[in-house]
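All remarks here apply to the structure that follows.
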Amino acid sequence: MFIYFLAILGVLLYFILKHKHSYWTRRKIVQEKPRFLLGSVDKRIFKSGNPTQFVRDAYWNLKKKGVKHGGMYLFYTPIWIPIDLNLIKQILVTDYESFSSHGLYHHKNDFISENIFTKEGEEWKTLRSNLSPTFTPAKLKTMYDILYNFGHHLEAQIADSCSKRQAIRIRETTASYLTDVIAACFFGIEADRLKETKREFEHYGNVITQPRPLRLLLESLLSWNLLVSLGYNFFPKKVTHFFSKLIKEAVDAKERNNLKIRVRKDYLDIVMQLMKDGGHFSFEEVVANSTFMYIAGYETSTSALSYLMFELAKNQDVQNKLRSEILSIGNNNAKGEITYEDLSKMKYADMCITEILRCYPALPQLPRACTKEYRIPGTDQIIEKGTLTLIPIWAIQNDPDYFRNPTKFDPENMSSENKNSNVEDAWFAFGYGPRLCLGYKFAAMQIKIALLNYLRNYKYTLNDKTPENLTFDYDTILLCPA
Ligand code: HEM
């Protein structure tokens, strides 16, 4: 009897699951053929390569079929994949109100999860307009000196490794430089205090920037209210406690100093002012957003710089040209120093950075959630509210229809002469539309300062142990070298 019952249950379950995997075809939308349980997810997800690589594959399959968009499944969750550039622009800009969320977990009872990236609607708008003034050119200029000094530390590390005839581990030196920069700029930690806390800061920084595939899966499968009522936390409690303590220390120290010097300078000064101005900003919001700046600014720029240094070591002509640019700008100044204003003269560096982010965009797919039912323009097809959407920017940026010679790192791709043969609108590495990366100018500044310290006195070649072709870390959704 029990066997019959199990058999009936099994058959029922099979048909329910089969029905779930017909979500897109029932809406007359072409879909990637789903596999039992896995959906469109590739078996390789458990072994190698970037785990979102299956989205990149879906792009090519859909493109071959001649459609402008299609559907796929993250296990049993339907995901919409727009691939036509005009449609993508509509989603990200014109019809932004229907896709105004990143669709990622956040909950008011788990305050550290409520940051600028996860928030939506009016709350996000207010937060974005509150935080935007921290990244104006005037504010970047005030942060420049801090970054420039940490750049000198980076160069000292290279000098030390050279004197000991040791190979330089670019990822590690870059990560150390960026930790200093973030600690100073977004947590207000002074250089002296940083010496004491750096180990701890790095430790907790590692925890928050670590890949969190299991958490992502839970957050995408279960109701967020249910998760929180079960005691779920975005980060382990210790992490939240550590970053709250740091911000409290920094705020207290600034309060004491501001009695003497009444100037509003950096990110923390601005958010402290917001806290005072009639409660626009709570202490918890400061902690949540400073912590997010760590996540946003650390791994993305570490990866970009690591990829770039790798390609420079492989392409000596590009490396020499970039060094010449840096030296020629430095030579114009009495002490050979490079000023904030000089950064905008580093045109070839801009081309190299744009090109490396084309080849390896830190976020290979732009996430969106449908926030208002959406009729796909020119069709009677409907995207339901709540549908997860992924814009496959890694595939688009490597599509020969849009970029000449897309599989090769070639900064000339970004020269003004070649722009005509490329489709400028197909470059999305910092996102697009109202949710464009808020820190993109800051990112360019920290990358350029690292480059000038890496390159002005040293030449790089690949180490015997470095593979000729890169593979990707498979336990993070970011595009990081393995
Ligand atoms: C190479 C470095 C970086 C890359 C490739 C990058 C890329 C991105 C991308 C693709 C997005 C999503 C955009 C969208 O959904 O349309 C984003 C959002 C964001 N990024 Fe960056 N980013 C970088 C560095 C930084 C840095 C250094 C900061 C600040 C310290 C930062 C702060 C932010 C913020 C605050 C958002 C959320 C914007 C919003 O939702 O309103 N990013 N970034």
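The values are calculated or read from the model by the stated rules, or taken from the named source; none is laboratory data. Predicted, not measured: the structure shown is a model, and the values here were computed from it. Using ideal geometry, Cβ is built from the backbone for each residue, glycine included, and neighbour counts are taken over all protein chains shown.
General observations
- Sole exception among (1) farther than 30 Å from Y348 by Cα; (2) hydrophobic (A, V, I, L, M, F, W, C); (3) within 16 Å of the ligand (Cβ to nearest atom); (4) buried (at least 21 other Cβ atoms within 10 Å of the Cβ) for L274, by number: (4)
- Residue within region 110-132 that is surrounded by fewer than 18 Cβ atoms within 10 Å (Cβ to Cβ), under 18 Å from Q381 (Cα atoms), out of contact with any helix residue (DSSP H, G or I) (no Cβ under 7 Å at 6 or more places or on another chain) and touching a residue at least 12 places away in the same chain (Cβ under 8 Å) present: no
- Region 334-352 - residue that is out of contact with any helix residue (DSSP H, G or I) (no Cβ under 6 Å at 6 or more places or on another chain) and of a type in the set (G, A, S) and, of those, farthest from I447 (Cα to Cα): A334
- For region 223-242, taking the residues that are farther than 21 Å from Q210 by Cβ and aliphatic (A, V, I, L, M), the one that is surrounded by the most Cβ atoms within 10 Å (Cβ to Cβ) is identified as V228.
- Considering region 383-397, and only residues there that are in a loop (DSSP other than H, G, I, E, B) and either surrounded by fewer than 20 Cβ atoms within 10 Å (Cβ to Cβ) or of a type in the set (A, V, I, L, M, F, W, C) (or both), the residue that is farthest from the ligand (Cβ to nearest atom) turns out to be E384.
- S306 vs. criteria under 21 Å from F430 (Cα atoms) and surrounded by fewer than 20 Cβ atoms within 10 Å (Cβ to Cβ): no
- Residue within region 392-410 that is under 23 Å from the mean Cα position of the chain (by Cα), within 20 Å of F117 (Cβ to Cβ) and touching a residue at least 40 places away in the same chain (Cβ under 8 Å) present: yes
- Listed by first and then second residue, the pairs with beta-carbon distance under 7 Å, at least 6 apart or on different chains, first residue in region 1-22 and among the basic types (K, R), second surrounded by 10 or more Cβ atoms within 10 Å (Cβ to Cβ), are K20/Y76.
- Among all positions in region 285-303, there is no residue which is at pLDDT below 95, outside any loop (DSSP other than H, G, I, E, B) and away from the ligand (no atom under 16 Å from the Cβ).
- Some residue of region 286-298 being more than 24 Å from G103 (Cα to Cα) and of a type outside the set (S, T, Y): no
- Residue ranges of helices (runs of 4 or more DSSP H) in region 313-380 with at least 3 members within 16 Å of the ligand (Cβ to nearest atom) and either buried (at least 17 other Cβ atoms within 10 Å of the Cβ) or among the acidic types (D, E) (or both): 347-359
Residue by residue, here is whether (1) touching a residue at least 24 places away in the same chain (Cβ under 8 Å); (2) under 20 Å from K441 (Cα atoms); (3) of a type outside the set (G, A, S) holds:
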| position | (1), (2), (3) |
| --- | --- |
| I326 | yes, yes, yes |
| N332 | no, no, yes |
| T354 | yes, yes, yes |
| P367 | yes, no, yes |
| T371 | yes, no, yes |
| E384 | no, no, yes |
| L388 | yes, no, yes |
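- Put simply, of F409, F403 the only residue that is of a type in the set (F, W, Y), at pLDDT 95 or above and crowded, with 19+ Cβ neighbours inside 10 Å is F409.
- The residues listed here are L451, L478, L438; of these, the one that is outside any loop (DSSP other than H, G, I, E, B) and within 15 Å of the ligand (Cβ to nearest atom) is L451.
- One residue stands out among those in region 413-435 that are surrounded by 13 or more Cβ atoms within 10 Å (Cβ to Cβ) and away from the ligand (no atom under 16 Å from the Cβ): the one that is farthest from K125 (Cα to Cα), which is N418.
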